[in-house]
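Notes for the one structure printed next.
The values are calculated or read from the model by the stated rules, or taken from the named source; none is laboratory data. Because the structure is a prediction, the values reported are computed rather than measured. For neighbour counting, all protein chains shown are included, and Cβ atoms are generated from backbone atoms with ideal geometry for every residue, glycine included. For accessibility, only protein heavy atoms count, side chains too; no ligands or nucleic acids. Shrake-Rupley method; radii C 1.70, N 1.55, O 1.52, S 1.80 Å.
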Amino acid sequence: MTLLRSLVLMSTVWLLSTSTVVAQRGEWRSYGADVASSKYSPLDQITGANAGDLQIVWRQSTIPQAVRQGSSVRAPSVVQNTPLMAEGRLYVSTALGTVAALDAATGEVVWFDPLPEGVGRRGGASRGVAYWSDSTSDDARVIAVVGSTLVALNARTGTRYDDFGDGGEVDLTQGYDTRSVSEFVWRSAPLVVNDVVVVGSANTDFVNETMPARKEMPPGDVRGFNVRTGEQLWIFHTVPQEGEVGNDTWLTGPNEDRASWEYTGNTNMWAWPSADEELGYVYLPLSTPTNDYYGGHRPGDNLFAESLVCLDARTGERVWHFQAVHHGVWDYDFPAAPNLIDITVDGQEIKAVAIVSKQGFTYVFDRSTGEPVWPIEERAVATGDVPGEWYAPTQPFPTKPQPYEQQGVSVDDLIDFTP
(Lines give C-alpha, C1' and ligand atoms only; values in the text may rest on other atoms or scores of the structure.)
Protein backbone atom coordinates (compact mmCIF):
# COMPACT_ATOMS: atom_id res chain seq x y z
CA MET A 1 0.00 0.00 0.00
CA THR A 2 2.88 2.36 0.80
CA LEU A 3 4.42 1.68 -2.61
CA LEU A 4 1.16 2.47 -4.32
CA ARG A 5 0.66 5.71 -2.39
CA SER A 6 4.18 6.95 -3.07
CA LEU A 7 4.67 5.88 -6.67
CA VAL A 8 1.36 5.63 -8.40
CA LEU A 9 0.01 8.72 -10.09
CA MET A 10 -2.75 6.96 -11.88
CA SER A 11 -3.47 3.57 -13.39
CA THR A 12 -5.29 2.75 -16.57
CA VAL A 13 -7.42 -0.37 -16.56
CA TRP A 14 -8.93 -2.40 -19.33
CA LEU A 15 -11.46 -5.17 -19.24
CA LEU A 16 -9.65 -8.42 -19.86
CA SER A 17 -12.69 -10.62 -19.44
CA THR A 18 -14.17 -9.88 -22.84
CA SER A 19 -12.68 -10.20 -26.29
CA THR A 20 -14.53 -7.24 -27.70
CA VAL A 21 -14.10 -3.79 -26.16
CA VAL A 22 -16.64 -1.19 -27.18
CA ALA A 23 -14.77 2.02 -27.94
CA GLN A 24 -16.08 5.00 -26.03
CA ARG A 25 -14.84 8.54 -26.18
CA GLY A 26 -14.67 9.82 -22.63
CA GLU A 27 -12.98 13.09 -21.80
CA TRP A 28 -12.52 14.93 -18.53
CA ARG A 29 -11.65 18.48 -19.49
CA SER A 30 -12.14 20.23 -16.16
CA TYR A 31 -11.20 19.39 -12.58
CA GLY A 32 -14.83 18.54 -11.72
CA ALA A 33 -15.44 16.94 -15.15
CA ASP A 34 -16.86 20.22 -16.48
CA VAL A 35 -17.11 23.83 -15.37
CA ALA A 36 -20.44 23.00 -13.69
CA SER A 37 -18.52 20.59 -11.43
CA SER A 38 -20.90 17.73 -12.22
CA LYS A 39 -18.16 15.14 -11.53
CA TYR A 40 -20.08 12.87 -13.89
CA SER A 41 -18.95 10.70 -16.79
CA PRO A 42 -21.41 8.95 -19.12
CA LEU A 43 -19.01 6.05 -19.71
CA ASP A 44 -20.63 2.73 -18.88
CA GLN A 45 -18.08 0.11 -19.93
CA ILE A 46 -17.13 -0.61 -16.31
CA THR A 47 -20.06 -1.87 -14.23
CA GLY A 48 -20.65 -3.52 -10.88
CA ALA A 49 -20.77 -6.83 -12.69
CA ASN A 50 -17.32 -6.64 -14.32
CA ALA A 51 -15.30 -4.36 -12.00
CA GLY A 52 -13.73 -7.41 -10.38
CA ASP A 53 -12.07 -8.34 -13.68
CA LEU A 54 -10.10 -5.11 -14.03
CA GLN A 55 -6.31 -5.30 -14.14
CA ILE A 56 -3.63 -2.62 -14.14
CA VAL A 57 -2.21 -1.96 -17.59
CA TRP A 58 0.28 0.78 -16.74
CA ARG A 59 1.55 2.73 -13.78
CA GLN A 60 3.35 6.05 -13.60
CA SER A 61 5.17 7.86 -10.80
CA THR A 62 4.03 11.25 -9.55
CA ILE A 63 7.51 12.29 -10.70
CA PRO A 64 8.04 10.45 -13.99
CA GLN A 65 11.69 9.72 -14.68
CA ALA A 66 11.64 11.80 -17.85
CA VAL A 67 10.47 14.81 -15.84
CA ARG A 68 13.14 14.65 -13.12
CA GLN A 69 16.03 16.24 -15.06
CA GLY A 70 18.39 15.12 -12.33
CA SER A 71 16.15 16.08 -9.41
CA SER A 72 16.49 13.67 -6.50
CA VAL A 73 13.32 14.79 -4.75
CA ARG A 74 11.38 11.81 -3.42
CA ALA A 75 7.79 11.34 -4.49
CA PRO A 76 5.46 12.27 -1.63
CA SER A 77 3.25 9.68 0.03
CA VAL A 78 0.10 11.55 -0.98
CA VAL A 79 -0.68 13.63 -4.04
CA GLN A 80 -4.19 15.04 -4.37
CA ASN A 81 -4.29 15.24 -8.13
CA THR A 82 -7.04 14.63 -10.67
CA PRO A 83 -5.63 14.42 -14.22
CA LEU A 84 -7.54 15.93 -17.11
CA MET A 85 -8.18 13.84 -20.20
CA ALA A 86 -8.52 15.40 -23.66
CA GLU A 87 -7.61 14.27 -27.16
CA GLY A 88 -6.11 11.02 -25.90
CA ARG A 89 -3.80 12.62 -23.36
CA LEU A 90 -3.75 13.01 -19.60
CA TYR A 91 -2.61 16.37 -18.23
CA VAL A 92 -1.22 16.21 -14.71
CA SER A 93 0.44 18.32 -12.04
CA THR A 94 3.57 16.43 -11.03
CA ALA A 95 5.00 16.23 -7.53
CA LEU A 96 7.68 18.69 -8.64
CA GLY A 97 4.94 21.27 -9.06
CA THR A 98 5.32 21.17 -12.84
CA VAL A 99 2.99 20.03 -15.63
CA ALA A 100 3.27 16.93 -17.81
CA ALA A 101 1.23 15.27 -20.54
CA LEU A 102 0.94 11.49 -20.67
CA ASP A 103 -0.30 9.18 -23.38
CA ALA A 104 -3.60 7.94 -21.94
CA ALA A 105 -3.18 4.44 -23.41
CA THR A 106 0.42 3.80 -22.35
CA GLY A 107 1.25 6.25 -19.54
CA GLU A 108 4.36 7.41 -21.40
CA VAL A 109 5.40 11.05 -21.02
CA VAL A 110 4.55 12.98 -24.18
CA TRP A 111 5.88 16.33 -22.98
CA PHE A 112 6.64 18.16 -19.77
CA ASP A 113 7.27 21.73 -18.67
CA PRO A 114 10.94 21.67 -17.57
CA LEU A 115 12.32 22.99 -14.32
CA PRO A 116 14.38 26.17 -14.53
CA GLU A 117 18.12 25.56 -14.43
CA GLY A 118 19.34 24.94 -10.89
CA VAL A 119 15.84 24.50 -9.47
CA GLY A 120 14.93 21.14 -7.87
CA ARG A 121 11.18 21.69 -7.74
CA ARG A 122 8.58 24.41 -8.33
CA GLY A 123 6.50 23.65 -5.25
CA GLY A 124 4.05 20.89 -4.43
CA ALA A 125 1.62 19.29 -6.82
CA SER A 126 -1.66 21.12 -7.25
CA ARG A 127 -5.00 19.33 -7.29
CA GLY A 128 -5.13 19.78 -11.03
CA VAL A 129 -4.82 21.97 -14.09
CA ALA A 130 -7.25 23.56 -16.56
CA TYR A 131 -7.78 22.88 -20.25
CA TRP A 132 -8.97 25.43 -22.81
CA SER A 133 -9.50 25.24 -26.56
CA ASP A 134 -10.23 28.14 -28.89
CA SER A 135 -13.50 27.82 -30.78
CA THR A 136 -12.11 29.93 -33.66
CA SER A 137 -8.76 28.18 -34.17
CA ASP A 138 -6.84 25.00 -33.34
CA ASP A 139 -5.27 26.59 -30.24
CA ALA A 140 -5.57 24.34 -27.17
CA ARG A 141 -3.92 25.25 -23.87
CA VAL A 142 -3.18 23.75 -20.48
CA ILE A 143 -3.45 26.43 -17.79
CA ALA A 144 -1.75 25.79 -14.47
CA VAL A 145 -0.51 27.38 -11.27
CA VAL A 146 3.19 26.46 -11.11
CA GLY A 147 4.77 27.62 -7.88
CA SER A 148 3.67 31.24 -7.56
CA THR A 149 3.10 31.73 -11.29
CA LEU A 150 0.28 31.20 -13.77
CA VAL A 151 1.40 29.52 -16.98
CA ALA A 152 -0.17 28.61 -20.32
CA LEU A 153 1.22 25.60 -22.21
CA ASN A 154 0.47 24.39 -25.71
CA ALA A 155 -1.59 21.25 -25.11
CA ARG A 156 0.02 19.44 -28.05
CA THR A 157 3.68 20.36 -27.56
CA GLY A 158 4.00 21.64 -23.98
CA THR A 159 5.63 24.84 -25.24
CA ARG A 160 4.97 27.99 -23.24
CA TYR A 161 3.39 30.97 -24.98
CA ASP A 162 5.91 33.80 -24.92
CA ASP A 163 3.14 36.39 -25.20
CA PHE A 164 1.34 35.07 -22.11
CA GLY A 165 2.24 37.32 -19.18
CA ASP A 166 5.92 38.16 -18.91
CA GLY A 167 7.95 35.69 -20.93
CA GLY A 168 5.37 32.93 -20.63
CA GLU A 169 4.20 33.30 -17.04
CA VAL A 170 2.27 35.62 -14.72
CA ASP A 171 3.71 36.40 -11.28
CA LEU A 172 0.75 35.81 -8.95
CA THR A 173 2.34 37.75 -6.09
CA GLN A 174 1.70 40.85 -8.20
CA GLY A 175 -1.64 42.42 -9.07
CA TYR A 176 -3.03 42.92 -5.57
CA ASP A 177 -4.34 46.45 -5.09
CA THR A 178 -4.82 46.78 -1.32
CA ARG A 179 -1.68 45.32 0.24
CA SER A 180 1.52 43.78 -1.06
CA VAL A 181 1.85 40.00 -1.14
CA SER A 182 5.30 38.41 -0.89
CA GLU A 183 4.24 34.78 -1.30
CA PHE A 184 1.45 33.14 -3.29
CA VAL A 185 0.18 29.62 -2.71
CA TRP A 186 -2.80 27.85 -4.23
CA ARG A 187 -3.13 24.10 -4.63
CA SER A 188 -6.49 23.90 -6.41
CA ALA A 189 -7.07 23.96 -10.17
CA PRO A 190 -7.81 27.11 -12.16
CA LEU A 191 -11.16 27.35 -13.91
CA VAL A 192 -11.55 28.76 -17.41
CA VAL A 193 -14.97 30.25 -18.17
CA ASN A 194 -15.59 32.14 -21.42
CA ASP A 195 -11.87 32.81 -21.96
CA VAL A 196 -11.31 34.04 -18.38
CA VAL A 197 -9.02 32.11 -16.03
CA VAL A 198 -10.30 32.30 -12.44
CA VAL A 199 -7.67 31.84 -9.73
CA GLY A 200 -8.11 31.70 -5.94
CA SER A 201 -5.58 31.61 -3.11
CA ALA A 202 -4.65 29.61 -0.02
CA ASN A 203 -2.79 31.87 2.39
CA THR A 204 -2.18 29.85 5.55
CA ASP A 205 -4.99 30.41 8.04
CA PHE A 206 -4.82 27.46 10.41
CA VAL A 207 -3.54 27.42 13.99
CA ASN A 208 -1.49 24.73 15.73
CA GLU A 209 1.30 24.43 18.28
CA THR A 210 3.77 26.03 15.85
CA MET A 211 1.41 28.45 14.12
CA PRO A 212 0.05 31.09 16.54
CA ALA A 213 -3.17 32.99 15.97
CA ARG A 214 -2.58 36.17 14.00
CA LYS A 215 -4.34 39.47 13.64
CA GLU A 216 -3.04 40.54 10.22
CA MET A 217 -2.53 38.42 7.09
CA PRO A 218 -2.33 38.96 3.31
CA PRO A 219 -5.62 39.15 1.41
CA GLY A 220 -7.19 36.03 -0.11
CA ASP A 221 -8.65 37.85 -3.11
CA VAL A 222 -9.92 36.04 -6.22
CA ARG A 223 -8.76 37.17 -9.67
CA GLY A 224 -9.57 36.74 -13.34
CA PHE A 225 -7.01 36.63 -16.17
CA ASN A 226 -7.22 36.67 -19.96
CA VAL A 227 -6.59 33.12 -21.16
CA ARG A 228 -4.72 34.32 -24.26
CA THR A 229 -2.52 37.08 -22.83
CA GLY A 230 -2.39 36.48 -19.08
CA GLU A 231 -3.55 40.05 -18.45
CA GLN A 232 -5.27 40.47 -15.09
CA LEU A 233 -8.83 41.52 -15.89
CA TRP A 234 -10.29 41.94 -12.42
CA ILE A 235 -9.86 41.34 -8.71
CA PHE A 236 -12.61 40.54 -6.22
CA HIS A 237 -11.88 41.63 -2.66
CA THR A 238 -13.04 38.82 -0.40
CA VAL A 239 -12.74 41.30 2.48
CA PRO A 240 -14.68 44.25 1.01
CA GLN A 241 -12.86 47.56 1.01
CA GLU A 242 -14.21 50.99 1.83
CA GLY A 243 -17.30 51.79 -0.24
CA GLU A 244 -17.86 48.17 -1.31
CA VAL A 245 -20.85 46.00 -0.44
CA GLY A 246 -20.26 44.26 2.90
CA ASN A 247 -17.63 46.66 4.19
CA ASP A 248 -19.95 47.70 7.04
CA THR A 249 -19.91 44.13 8.40
CA TRP A 250 -16.27 44.60 9.50
CA LEU A 251 -16.42 46.55 12.74
CA THR A 252 -13.75 48.25 14.83
CA GLY A 253 -12.69 46.43 17.98
CA PRO A 254 -12.89 48.21 21.36
CA ASN A 255 -9.09 48.45 21.62
CA GLU A 256 -8.40 49.12 17.95
CA ASP A 257 -7.81 52.36 16.06
CA ARG A 258 -8.57 50.82 12.65
CA ALA A 259 -11.59 49.01 11.25
CA SER A 260 -11.00 45.27 10.96
CA TRP A 261 -11.30 45.23 7.15
CA GLU A 262 -8.09 47.25 6.92
CA TYR A 263 -5.83 44.48 8.25
CA THR A 264 -7.76 41.19 8.17
CA GLY A 265 -6.67 38.77 5.45
CA ASN A 266 -7.26 35.21 4.26
CA THR A 267 -10.95 34.69 3.40
CA ASN A 268 -9.45 32.50 0.70
CA MET A 269 -11.00 30.51 -2.06
CA TRP A 270 -8.79 27.51 -1.28
CA ALA A 271 -11.30 25.16 -2.86
CA TRP A 272 -12.25 25.58 -6.52
CA PRO A 273 -15.06 27.45 -8.28
CA SER A 274 -17.79 26.40 -10.69
CA ALA A 275 -19.35 28.30 -13.57
CA ASP A 276 -22.36 28.65 -15.84
CA GLU A 277 -20.93 29.56 -19.23
CA GLU A 278 -24.34 30.44 -20.66
CA LEU A 279 -24.99 32.99 -17.92
CA GLY A 280 -21.34 33.96 -17.79
CA TYR A 281 -21.33 33.55 -14.00
CA VAL A 282 -18.70 32.01 -11.74
CA TYR A 283 -19.50 30.73 -8.24
CA LEU A 284 -16.89 31.13 -5.49
CA PRO A 285 -16.81 28.99 -2.30
CA LEU A 286 -15.05 31.22 0.23
CA SER A 287 -13.46 30.43 3.58
CA THR A 288 -12.73 31.84 7.04
CA PRO A 289 -10.88 35.15 7.60
CA THR A 290 -7.83 35.60 9.80
CA ASN A 291 -8.03 33.65 12.11
CA ASP A 292 -9.79 30.27 11.94
CA TYR A 293 -10.67 29.94 15.62
CA TYR A 294 -10.52 33.45 17.05
CA GLY A 295 -12.26 36.50 15.64
CA GLY A 296 -11.84 39.02 18.43
CA HIS A 297 -9.77 41.25 16.15
CA ARG A 298 -12.50 41.25 13.46
CA PRO A 299 -15.88 41.97 15.13
CA GLY A 300 -18.93 41.85 12.88
CA ASP A 301 -20.51 39.37 10.49
CA ASN A 302 -17.46 39.54 8.16
CA LEU A 303 -18.75 39.33 4.58
CA PHE A 304 -17.72 37.61 2.30
CA ALA A 305 -16.22 35.04 4.62
CA GLU A 306 -17.76 31.56 4.52
CA SER A 307 -19.99 32.70 1.69
CA LEU A 308 -21.04 31.53 -1.75
CA VAL A 309 -20.42 34.47 -4.08
CA CYS A 310 -21.64 34.71 -7.68
CA LEU A 311 -19.60 36.97 -9.97
CA ASP A 312 -19.85 38.06 -13.58
CA ALA A 313 -16.88 36.12 -14.97
CA ARG A 314 -16.11 38.81 -17.53
CA THR A 315 -15.92 41.75 -15.12
CA GLY A 316 -15.56 40.26 -11.65
CA GLU A 317 -18.59 42.23 -10.50
CA ARG A 318 -20.69 40.68 -7.73
CA VAL A 319 -24.09 39.42 -8.91
CA TRP A 320 -25.32 37.91 -5.62
CA HIS A 321 -23.99 36.28 -2.49
CA PHE A 322 -25.06 34.19 0.48
CA GLN A 323 -23.20 33.98 3.78
CA ALA A 324 -23.57 30.59 5.44
CA VAL A 325 -21.76 31.50 8.68
CA HIS A 326 -21.72 34.93 10.28
CA HIS A 327 -18.40 35.71 11.96
CA GLY A 328 -16.98 32.22 11.72
CA VAL A 329 -14.90 30.85 14.59
CA TRP A 330 -15.14 27.13 13.82
CA ASP A 331 -13.27 26.96 10.49
CA TYR A 332 -16.51 26.23 8.62
CA ASP A 333 -14.97 26.94 5.22
CA PHE A 334 -16.82 25.93 2.10
CA PRO A 335 -14.52 23.00 1.22
CA ALA A 336 -15.80 22.03 -2.22
CA ALA A 337 -17.01 23.46 -5.50
CA PRO A 338 -20.68 24.33 -5.90
CA ASN A 339 -22.61 21.94 -8.15
CA LEU A 340 -24.76 23.34 -10.94
CA ILE A 341 -27.91 21.23 -11.16
CA ASP A 342 -31.26 21.37 -12.94
CA ILE A 343 -34.09 20.37 -10.60
CA THR A 344 -37.88 20.32 -10.53
CA VAL A 345 -39.61 21.57 -7.37
CA ASP A 346 -43.42 21.54 -7.15
CA GLY A 347 -43.58 21.19 -10.92
CA GLN A 348 -41.30 24.14 -11.54
CA GLU A 349 -37.98 23.63 -13.35
CA ILE A 350 -35.13 25.46 -11.65
CA LYS A 351 -31.55 25.97 -12.82
CA ALA A 352 -29.94 25.74 -9.42
CA VAL A 353 -26.58 25.80 -7.69
CA ALA A 354 -26.07 23.60 -4.62
CA ILE A 355 -23.16 23.69 -2.22
CA VAL A 356 -22.37 21.37 0.69
CA SER A 357 -20.81 22.52 3.94
CA LYS A 358 -18.73 21.20 6.81
CA GLN A 359 -21.80 21.42 9.05
CA GLY A 360 -23.62 18.81 6.96
CA PHE A 361 -25.93 21.36 5.33
CA THR A 362 -26.69 21.66 1.62
CA TYR A 363 -27.60 25.17 0.48
CA VAL A 364 -29.57 25.37 -2.77
CA PHE A 365 -30.22 28.55 -4.80
CA ASP A 366 -31.54 29.71 -8.13
CA ARG A 367 -28.21 30.23 -9.82
CA SER A 368 -29.34 33.33 -11.72
CA THR A 369 -30.81 35.29 -8.83
CA GLY A 370 -29.41 33.72 -5.66
CA GLU A 371 -32.93 33.19 -4.34
CA PRO A 372 -33.01 30.14 -2.01
CA VAL A 373 -34.98 27.25 -3.50
CA TRP A 374 -36.23 26.37 -0.01
CA PRO A 375 -36.43 28.82 2.91
CA ILE A 376 -33.26 29.49 4.87
CA GLU A 377 -34.10 30.72 8.37
CA GLU A 378 -32.07 32.99 10.62
CA ARG A 379 -32.21 31.39 14.08
CA ALA A 380 -30.86 32.55 17.41
CA VAL A 381 -27.76 30.63 18.50
CA ALA A 382 -25.87 30.33 21.76
CA THR A 383 -22.86 32.57 22.30
CA GLY A 384 -19.58 31.63 23.92
CA ASP A 385 -17.51 33.21 26.64
CA VAL A 386 -14.03 33.54 25.13
CA PRO A 387 -12.53 36.85 26.38
CA GLY A 388 -12.47 39.48 23.63
CA GLU A 389 -14.47 37.39 21.14
CA TRP A 390 -17.41 38.77 19.17
CA TYR A 391 -20.36 36.44 18.52
CA ALA A 392 -23.11 36.63 15.92
CA PRO A 393 -26.52 36.35 17.60
CA THR A 394 -28.09 34.38 14.72
CA GLN A 395 -27.04 31.92 12.03
CA PRO A 396 -28.78 30.73 8.82
CA PHE A 397 -30.36 27.24 8.79
CA PRO A 398 -31.61 25.61 5.58
CA THR A 399 -35.05 24.02 5.97
CA LYS A 400 -34.41 21.62 3.07
CA PRO A 401 -32.78 19.31 2.27
CA GLN A 402 -32.19 17.64 5.60
CA PRO A 403 -28.57 17.54 6.89
CA TYR A 404 -26.64 14.68 5.34
CA GLU A 405 -24.71 13.89 8.53
CA GLN A 406 -25.15 14.05 12.29
CA GLN A 407 -24.88 17.55 13.69
CA GLY A 408 -23.53 18.05 17.18
CA VAL A 409 -22.82 15.51 19.89
CA SER A 410 -24.22 14.90 23.36
CA VAL A 411 -23.52 12.54 26.24
CA ASP A 412 -26.27 10.29 24.87
CA ASP A 413 -24.09 9.60 21.82
CA LEU A 414 -21.34 8.00 23.90
CA ILE A 415 -20.88 4.24 23.64
CA ASP A 416 -21.36 2.69 27.08
CA PHE A 417 -18.78 -0.08 26.77
CA THR A 418 -18.01 0.47 30.47
CA PRO A 419 -20.31 1.57 33.32
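Brief remarks follow.
- Over the chain, accessible surface divided per residue gives 49 Å², non-protein components excluded, 1.4 Å probe.
- In the set (i) 24, 53, 22, 1; (ii) 25, 60, 16, 0; (iii) 27, 56, 17, 0, the label that goes with P(r) over Cα pairs in 20 Å bins from 0, in percent computed for this structure is (i).
- Dipole of the chain, positive end: most advanced residue of His327, Leu96, Ala271 [Cβ charges, Cα centre]: Leu96
- FRET efficiency estimate (nearest 0.05) - Cβ-Cβ, Ser41 to Val245, R0 45 angstrom: 0.70
- Fluctuation leader among Ala75, Ala155, Ala144 - the chain, Gaussian network, Cα springs under 10 angstrom: Ala75
- By accessible area, using a 1.4 Å probe on protein heavy atoms only, the range 90-204 has 43% of its surface on carbon and sulfur.
- Amide H to amide H, with H built 1.01 Å from N, Tyr281 comes under 5 Å of Asp276, Ala313, counting only residues 5 or more places away or on other chains.
- With all protein chains in place and a 1.4 Å probe, the accessible surface of the range 366-419 carries 56 percent carbon and sulfur.
- Over the chain, dividing the summed -39,500 (n - 2.57) contributions of all DSSP H runs of at least 4 residues by the number of residues returns a 222 nm mean residue ellipticity of -500 deg cm²/dmol.
- Residue order by solvent-accessible surface for His326, His321 is His321, His326, largest first, with ligands and nucleic acids left out and a 1.4 Å probe.
- Largest mean-square fluctuation among Ser30, Ser368, Ser180, in a Gaussian network model of the chain whose springs join Cα atoms under 10 Å apart, belongs to Ser180.
- Antiparallel content of DSSP bridges confined to the chain, in %, to 5: 100
- In this structure, the amide hydrogen of Leu191, modeled 1.01 Å from its nitrogen in the peptide plane, lies closer than 5 angstrom to those of Val198, counting only residues at least 5 positions away or on a different chain.
- Under 5 Å between amide hydrogens, built in the peptide plane, is the criterion, and for Thr229 it picks out nothing among residues at least 5 positions away or on other chains.
- Atom-type composition of the exposed protein surface of the range 300-361 places 48 percent of the accessible area on carbon and sulfur (1.4 angstrom probe).
- ³J(HN,Hα), Karplus 6.51/-1.76/1.60, whole Hz, each residue of the range 59-71, x for Gly, Pro: 9, 9, 6, 5, 10, x, 4, 5, 8, 4, 6, x, 5
- Here the 3J(HN,Hα) profile of the range 144-155, calculated from phi with Karplus coefficients 6.51, -1.76 and 1.60 at θ = phi - 60°, is 8, 8, 10, x, 10, 10, 9, 10, 10, 10, 5, 5 Hz, Gly and Pro shown as x.
- 3J(HN,Hα) along the range 397-413: 10, x, 8, 8, x, 5, x, 8, 8, 4, 10, x, 8, 9, 4, 5, 7 Hz, from the Karplus curve 6.51 cos²θ - 1.76 cosθ + 1.60 with θ = phi - 60°, whole Hz, x for Gly and Pro.
- By accessible area with a 1.4 Å probe, ligands and nucleic acids excluded, highest first: order of His327, His297: His297, His327
- With the highest mean first, a sort of the peptides 238-244, 380-386 on other beta-carbon atoms found within 10 angstrom per residue produces 238-244, 380-386.
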